[in-house]
Structures are given as structure tokens and as C-alpha cells.
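For reference, the structure discussed in these notes is given below.
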Amino acid sequence: MNKPKIVVLGAGLGGTIAAYEIQAAAKGRAEVMMVSDSETYSFIPSNPWVAVRWREPEAIQVHLPPIFAKKKIGFTAVGAKRLHPTEKRLELNDGSNINYDYLVIATGPELAFDEIEGLGPHGGHTVSICQTAHASAAADAFDRFIKNPGPIVVGAVQGASCYGPAYEFALILDTELRRRKIRDKVPMTFVTAEPYIGHLGLDGVGDTKGLLESTLRERHIKWVTNARVARVEAGMMHVEEIAEGGAVAKTHDLPFAFSMMLPAFRGVAAVRDIPGLTNPRGFILIDKHQRNPVFPEIFALGVCVAIPPTGPTPVPVGVPKTGFMIESMVTAIAANLDAILGGKEPTAEATWNAVCLADFGDGGVAFVAQPQIPPRNVNWAGSGKWVHLAKIGFEKYFLRKVRKGESEPFYEKLALHVMGIKKLRF
């Protein structure tokens with residue numbers, strides 16, 4: 001009798017851990033396979049460090065095939081061309097096909113640089129830290145900038161759903177420039193679609209508004225909120241500040257010698273525009289069990305999941321999917337597949353709790369939101385030098401977890417239990 005096949009699509013932060021955890025939950029009752037577009041795992045939260053050469057790319061990357069082979073999980077890096085959900089078939093880029101019984105979509109996003117003229121590293125005028133290769137190219141651009149410093153513009157454009165890394169990078173740049181004794185030559189502006197500093201796509205967590213506003217003031221970083229980037233030219237960003245109701249309240253022409261702007265995200269081409277599976281932006285529709293309502297054999301986790309915004313804002317602001325929130329989705333999917341393989345109905349629900357460390361190079365802000373979407377049971381934010389040290393520790397710990405093929409070691413489970421932070425609802 002053939003075992004059912006579970007295919008995980010995407011070997012990023014969530015997909016890699018999902019493959020490990022699903023393999024453990026299946027207990028030999030299913031064949032698990034990973035479909036990726038790369039043999040390399042990159043720890044994306046460290047990309048801001050790569051962009052200022054505090055890390056080399058190789059230090060935050062893991063070669064996956066030997067680990068998957070050791071875990072007896074199938075692996076291909078050919079990449080997916082198109083999903084055919086009515087046929088339970090995944091068409092790959094080399095023309096081959098994989099049939100599945102269950103599919104876990106963990107692709108992450110496609111970066112929508114093309115939605116704003118002049119944005120992005122490919123033919124545009126801004127750098128990116130969204131991918132490790134982008135961050136490495138940004139480091140080269142930063143090296144050139146250091147030789148002839150000038151204004152810096154950093155932030156996140158309209159429709160972005162990831163704001164923490166923009167704050168991190170602005171403040172890491174500030175730290176690096178002060179270390180080089182040239183901060184006085186570099187005016188900095190933070191440009192964001194958020195309605196206020198510290199909104200983060202979450203309507204704030206604890207006093208992130210106060211903490212981040214005071215930090216930007218202390219570091220002499222000006223800001224523009226409710227910002228819609230109209231277009232980017234070489235050395236000049238044209239920004240519209242939007243009032244309630246959608247009218248343009250003010251325009252800003254911001255000169256820059258170096259700029260990093262996070263783009264809006266959309267679903268990847270392989271899954272976009274499939275009726276019943278995705279929303280208009282190409283994100284996967286799921287129920288409380290991380291399962292698609294139309295195609296119940298399909299689960300999804302991470303940035304590719306559709307989550308409505310926390311509320312109306314003058315400029316579109318998406319909701320971030322933070323690391324721990326994604327891990328809670330992983331655990332719920334593994335538990336639900338375990339139930340299905342055992343002939344039961346899925347019941348596990350992810351908590352979507354958020355635990356985030358935003359590093360500023362010599363300090364940082366941490367927050368805990370339980371759950372991530374308000375109203376919350378826990379709503380806390382704090383700051384200090386300990387956050388920078390904690391981020392370094394977490395990087396080393398998570399990369400070790402990936403290299404060992406582990407999802408959640410005992411001591412991690414114990415520590416989370418002691419802190420009262422859970423991955424599943426009970």
C-alpha cells in the first residue's frame with residue numbers, strides 16, 4: 001500500500017521547519033517531500049547585518065540537501081512553475097510534475113518592486129534587504145556610499161506588510177555611521193506607509209509608538225508617515241503624504257545617496273490567480289486550521305497566508321507574519337496532518353502569538369503580542385542593549401536548529417512553557 005505524499009512548497013524560515021516537524025509528526029505514515037527553488041536556506045532576519053558587512057552571506061546560510069537526506073525527506077531545488085489544485089499536481093520548472101495527497105504552501109512572497117517606478121535593486125534606484133543576495137548587493141552599494149556620503153532614505157512603501165526590518169536597518173545604519181565617525185555627514189529620513197511610527201502593521205504593540213519615536217529623535221532621524229511613494233529617480237524619492245480620506249496633504253522630494261525601501265508583497269506566480277485558493281494579491285486563503293476552505297488538502301503558513309489588515313489606514317498597511325507566529329502555524333499544521341493520518345478531523349489552531357526582537361546595532365526593541373492581531377491578552381514592548389545580544393543568540397540558535405534538522409528541541413519547548421508563550425490554542 002502506497003503511503004500518502006505530503007509536499008512542502010518553499011524552504012524558507014517556515015517551510016524548512018515545517019518539513020522537519022511534519023516528518024516527525026507523520027511517524028513513517030506518510031512520505032514527506034520538499035520542493036524549493038534553491039538548495040540554500042538563508043536566515044532572512046540577519047540580512048540587515050549582511051548589508052553593512054556585520055555578517056557575510058555564508059555565515060547565515062545552510063546547504064539543505066544533506067540535511068533532508070539524513071532526515072529521509074525528499075528534496076528538489078528545481079522550483080515550482082504552477083500549482084494545479086484540482087488535479088493535486090505541482091508542475092515544476094523543468095516540466096516534471098509531482099502529485100500530492102497533501103500540500104503545505106510556504107513559499108513566502110513575491111517582491112512587488114515593479115508596482116512603483118524606480119523602486120528596487122533590479123533596474124531601480126533603491127537597495128533591498130528582503131533576500132540575502134539583495135543584502136549582499138546592498139553592502140556593495142553601502143561601500144560606495146561610504147566613499148562619498150550624503151542623505152539616506154529608509155522605510156517601507158504603501159502596501160508593505162513588514163516594517164520591523166526597515167526600523168532595524170535605519171538604526172543599524174545609524175550605528176555603523178557613528179562608528180565610522182561620519183554620521184554628521186548623513187541626514188536620514190524614515191519613510192513609511194504606517195499611520196504613525198511604531199504601528200508596525202499591528203496597530204502598535206505596547207508602547208512601540210513612544211519607544212520608536214524617541215529612538216528616532218535621539219538618533220536624529222526625521223520621518224514621514226502615511227507616506228505613498230509616487231516614484232523614485234536616481235538620487236530623488238517623490239513621496240506623497242496622505243491625509244484621512246485619501247487626499248494628498250503634502251508632497252516631499254527627498255534627495256538620497258543611499259536608500260533601502262521595503263516593497264509591497266504579493267503571492268508568487270506559481271499559486272497566484274487560482275480561484276478559491278488565493279485572494280486578489282495572490283495570498284493563500286485559510287481557515288482556523290491553516291487549511292484552504294476550497295481545497296482542504298492544502299495548508300499554508302507564513303508570509304504567503306492572507307491576513308486582513310488590523311483596520312483602515314490612509315495608506316494601505318499590511319499585517320506582518322513574524323517568526324514565532326509562523327512557527328505556531330507550523331506546529332498547528334503538523335498536528336492537523338497527524339490527526340488526518342490517524343483518521344481524525346483536524347482541530348489544532350495556531351495562537352499567532354508574536355515574539356519579536358528588533359535589533360538597532362547597539363540596542364533594540366522587543367515586543368510580545370498575544371495574539372499578534374488585537375485585541376490581545378498580552379501587549380508588551382521593551383528596549384535595551386540586551387535586545388541586540390538576544391538577536392545574536394537567536395540567530396545562532398535558529399541556524400543550529402536548521403542544521404540539525406530540528407523543529408523544536410525540548411529546552412525551547414520548556415522555555416516557552418515557563419514564559420507562558422504557546423504555539424497552539426487549547
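The values are calculated or read from the model by the stated rules, or taken from the named source; none is laboratory data. Because the structure is a prediction, the values reported are computed rather than measured. Methodologically, a virtual Cβ is constructed for each residue, glycine included, from the backbone with ideal geometry; neighbour enumeration extends over all protein chains shown. Each accessible area value is taken on the protein alone, full model and side chains, heavy atoms only, with ligands, DNA and RNA left out. Shrake-Rupley method; radii C 1.70, N 1.55, O 1.52, S 1.80 Å.
Of the residues in the stretch 1-33, how many are outside any helix (DSSP H, G or I) and closer than 22 Å to Cys130 by Cα? Residues flagged as outside any helix (DSSP H, G or I) and closer than 22 Å to Cys130 by Cα within the stretch 1-33 amount to 5. Among the residues in the stretch 335-357, are any touching a Gly at 6+ places or on another chain (Cβ under 8 Å), within 27 Å of Gln131 (Cβ to Cβ) and surrounded by fewer than 18 Cβ atoms within 10 Å (Cβ to Cβ)? The answer is no; no qualifying residue exists. Of the residues making up the stretch 149-185, those that are touching a residue at least 60 places away in the same chain (Cβ under 8 Å) and part of a loop (DSSP other than H, G, I, E, B) number 10. If the condition is being open to solvent by less than 20 Å² (accessible area, probe 1.4 Å) and part of a loop (DSSP other than H, G, I, E, B), then the stretch 202-224 contributes Leu202, Gly204, Val205. Among the residues of the stretch 140-152 satisfying the criterion of being out of contact with any helix residue (DSSP H, G or I) (no Cβ under 9 Å at 6 or more places or on another chain) and of a type outside the set (Lys, Arg), which is most open to solvent (accessible area, probe 1.4 Å)? Restricting to residues being out of contact with any helix residue (DSSP H, G or I) (no Cβ under 9 Å at 6 or more places or on another chain) and of a type outside the set (Lys, Arg), the top hit is Asn148.
For the stretch 225-247, the candidate set comprises residues that are without any contact (Cβ under 8 Å) to a residue 60 or more places away in the chain and under 25 Å from Asp184 (Cβ atoms); within that set, the residue that is surrounded by the most Cβ atoms within 10 Å (Cβ to Cβ) is Val239.
If you check Val127 against the conditions, is it open to solvent by 10 Å² or more (accessible area, probe 1.4 Å), closer than 24 Å to Gly12 by Cβ, out of contact with any Cys (no Cβ under 6 Å at 6 or more places or on another chain) and not small (Gly, Ala, Ser)?
Against the criterion (open to solvent by 10 Å² or more (accessible area, probe 1.4 Å), closer than 24 Å to Gly12 by Cβ, out of contact with any Cys (no Cβ under 6 Å at 6 or more places or on another chain) and not small (Gly, Ala, Ser)), Val127 qualifies.
Of everything listed in (1) surrounded by fewer than 21 Cβ atoms within 10 Å (Cβ to Cβ); (2) in contact (Cβ under 8 Å) with a residue 24 or more places away in the chain, the single unmet condition for Glu327 is (1).
Residues in the stretch 295-324 that are more than 18 Å from the chain's Cα centre (by Cα) and without any contact (Cβ under 8 Å) to a residue 40 or more places away in the chain were compared, and the one that is least open to solvent (accessible area, probe 1.4 Å) is Pro296.
Against the conditions (1) open to solvent by 10 Å² or more (accessible area, probe 1.4 Å); (2) part of a loop (DSSP other than H, G, I, E, B), Thr86 satisfies every one except (2). Reported count of residues in the stretch 298-310, each being among the hydrophobic types (A, V, I, L, M, F, W, C) and part of a loop (DSSP other than H, G, I, E, B), is 3. Number of residues in the stretch 247-297 that are polar (S, T, N, Q), assigned to a strand (DSSP E or B) and out of contact with any Asp or Glu (no Cβ under 6 Å at 6 or more places or on another chain) equals 2.
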